[in-house]
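Take a look at the structure below.
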Amino acid sequence: MTVLNGLSIQANGVGKSFRLGMAQRGYSTLRESLVNTALRPVRRPPKTAGDTLWALRDVSMTIHEGEVVG
């Protein structure tokens, strides 16, 4: 990693969101994957933005050489 003026890590505009109301499923069989892929174009559109929970949104940070982050 190249250090510029003591700058080691910089992140801009980072976010993490979760879709609410979506049941999480385990692994599917090959047959289920093929059927889901074939049906995807005729299914309902994805849920609206109101069903999204943002844990982090547009977070920026700069960590300089020698700083500790936990």
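Of note:
- Taking amide H as placed 1.01 Å from N in the peptide plane, the amide H of Ile9 sits under 5 Å from that of Ile63, each at least 5 places away or on another chain.
- Note on Trp54 and Leu7: their simple-model spin labels are 2.4 nm apart, each label 7 Å out from Cα toward Cβ.
- With DNA, RNA and ligands ignored, accessible area of Thr52 (1.4 Å probe; Å², nearest 10): 50
The values are calculated or read from the model by the stated rules, or taken from the named source; none is laboratory data. Computed from a prediction, not measured in an experiment: that's the story for all the values here. When we count neighbours, we look across all protein chains shown, and the Cβ atoms used for this are built from the backbone with ideal geometry, even at glycine. Note: areas computed on protein heavy atoms with side chains; ligands, DNA, RNA excluded. Shrake-Rupley method; radii C 1.70, N 1.55, O 1.52, S 1.80 Å.
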